[in-house]
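**Q** Pasting a structure here, questions to come.
Values quoted throughout were computed directly from the atomic coordinates according to the rules given, and no laboratory measurement underlies them. Model, not experiment: these values are computed from the prediction. Glycine also receives a Cβ, built like all others from the backbone with ideal geometry; neighbour counts cover every protein chain displayed.
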Amino acid sequence: MIKYSLQCAEGHQFEAWFSNSAAYDAQAKAGQIVCPACGTTDVRKALMAPAVRSSRSREAVARPGPAAEGPAGEAIELMRKLREHVTRNAEYVGPRFADEAMKIHNEEAEQRGIYGEASEREVKLLREEGVEFYPMPVLPEDHN
Ligand SMILES: [Zn+2]
């Protein structure tokens, strides 16, 4: 069994169990996955936010699923959605990311989703401290 965090076209998030990822794909294609909040079958796997894990703020916290499944175009589309989701729902803290992430982790700051920049050293430090976060996807147009 595998549990997926799902999100409908209206933005309702919920979780559902599937026997495996193929079962999810089949049910999603057949329109058998229904949002419990609004009844739409326009449901997909929820997008992930590079948020600090916390028992208090589950909203912006999600674990990355198996990344980069399927064709590259689809992966890029997913990453684009992810970035949109993050920039809409999280606070940009710029180079203070490591600081803020640590404070949130230690419950010294408001529990919230944040994103920003961190150096390689800071990333390593955060990992050592057990702070969970995820790299923001880099999109092809970033290099234009
Ligand atoms: Zn819904």
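**Q** State the extension gain, in nm to one decimal, for the chain segment bounded by ILE76 and GLU128, taking 0.36 nm per residue of separation less the distance between their alpha-carbons. Walk me through the numbers on the way to the answer.
**A** Values: separation 52, 0.36 × 52 = 18.72 nm, distance 2.97 nm.
The span from ILE76 to GLU128 would gain 15.8 nm if fully extended.
**Q** If each of GLU15 and GLU107 carries a label point 7 Å out from its Cα toward its Cβ, how far apart are those two points in nm?
**A** With each label point 7 Å from Cα toward Cβ, the separation is 2.1 nm.
**Q** Any idea how far apart GLU117 and VAL34 come out in nm if each label point goes 7 Å out from Cα toward Cβ?
**A** Result for the modelled spin labels: 4.9 nm.
**Q** Give me ILE2, ILE33 sorted ascending by neighbouring Cβ count inside 10 Å, so fewest comes first. Walk me through the intermediate numbers first.
**A** On the way: ILE2 13, ILE33 20.
Fewest to most other Cβ atoms nearby, the residues stand as ILE2, ILE33.
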